[in-house]
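The values are calculated or read from the model by the stated rules, or taken from the named source; none is laboratory data. As the structure is a computational prediction, the values presented were derived from the model and not from experiment. All Cβ positions, even for glycine, are placed from backbone atoms using ideal geometry, and neighbour counts span all protein chains on display.
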Amino acid sequence: MNTISYGLLIALAIALLVAAFTDIRSRQIANWLNFGIALAAPAFWWSTGLSPWPDVALQVGVAVVTFFVCSGLFAIRWMGGGDVKLLTALALWLPFYTFMQLLLIMAVVGGFLTILLVFWHIARRQRDRIAVPYGVAIAIGGLWVLAINYLPAGTMASFSA
């Protein structure tokens, strides 16, 4: 990894924080943010030396599959449109197994967040539909996998002790 790669990863981490914050505030993730994340992926591919075949092709393939699966979840109202676009954009950045790590962490955090919000609504005696800012779970999953997969060796040792 070089300076350009780390700079792009820092920009991605900031974009994930912005996505989480805006999802909390307005329950929306801006299209310009998702588009920017997706547009920066080729620069990351170049900076890390990914070959067009099969590396970049696999990244794009995972993103296409992610988009279609998540679009199905959007169609049945299990996922928001911004969440679909954010996950698709992240799929362009992450290798397959790292993306699977993100999905696992996202699911655990999202489940915890959903339970927390259910209890919050019950405590406040609100009967409206619970709107879970799932961009928060996606961002936490993304930040987690960036930290465990891209920080220099030994950096995470202080977190696991």
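In the range 7-16, what count of residues is obtained for those that are out of contact with any Ser or Thr (no Cβ under 7 Å at 6 or more places or on another chain), touching a residue at least 24 places away in the same chain (Cβ under 8 Å) and more than 18 Å from Gly80 (Cβ to Cβ)?
4
Please go through the range 40-81 and give me each residue that is β-branched (Val, Ile, Thr), assigned to a helix (DSSP H, G or I) and closer than 19 Å to Val132 by Cβ, ordered by number.
Scanning the range 40-81 gives a single hit, Val69.
Which one of these is without any contact (Cβ under 8 Å) to a residue 24 or more places away in the chain, surrounded by 14 or more Cβ atoms within 10 Å (Cβ to Cβ) and within 20 Å of Leu12 (Cα to Cα): Val132, Val84?
Val84
Kindly indicate the residue of the range 108-157 that is of a type in the set (Val, Ile, Thr) and in contact with an Asp or Glu (Cβ under 7 Å, 6 or more places away or on another chain) and also farthest from Lys85 (Cα to Cα) among those meeting that condition.
Only one residue tops the list, namely Val136.
Give me the pairs, please: first residue somewhere in the range 27-47 and on the phi > 0 side of the Ramachandran plot, second residue anywhere and in a helix (DSSP H, G or I) and surrounded by 13 or more Cβ atoms within 10 Å (Cβ to Cβ), beta-carbon distance under 8 Å, and either six or more positions apart or on two chains.
Close Cβ pairs (under 8 Å, with a partner that is in a helix (DSSP H, G or I) and surrounded by 13 or more Cβ atoms within 10 Å (Cβ to Cβ)) do not exist here.
Are any residues in the range 90-101 part of a helix (DSSP H, G or I), under 11 Å from Gln59 (Cβ atoms) and aliphatic (A, V, I, L, M), and if so, which ones?
Hits for the range 90-101 are Leu90, Ala91, Leu92.
Please work out which residue is farthest from Ala137 (Cα to Cα), limiting yourself to the range 22-48 and to residues that are aromatic (Phe, Trp, Tyr) and in contact with a helix residue (DSSP H, G or I) (Cβ under 7 Å, 6 or more places away or on another chain).
The residue in question is Trp45.
Could you tell me how many of the residues in the range 48-59 are touching a residue at least 12 places away in the same chain (Cβ under 8 Å) and polar (S, T, N, Q)?
So the count comes out to 2.
Considering only residues that are modelled with pLDDT of 95 or more, out of contact with any Gly (no Cβ under 7 Å at 6 or more places or on another chain) and under 14 Å from Ala19 (Cβ atoms), which ones fall in the range 111-154?
Val136, Ile138, Ala139, Ile140, Gly141, Gly142, Leu143, Leu146
Any chance you could count how many residues in the range 26-39 are in a helix (DSSP H, G or I) and either surrounded by 15 or more Cβ atoms within 10 Å (Cβ to Cβ) or modelled with pLDDT under 95 (or both)?
The number of residues fulfilling the criteria is 6.
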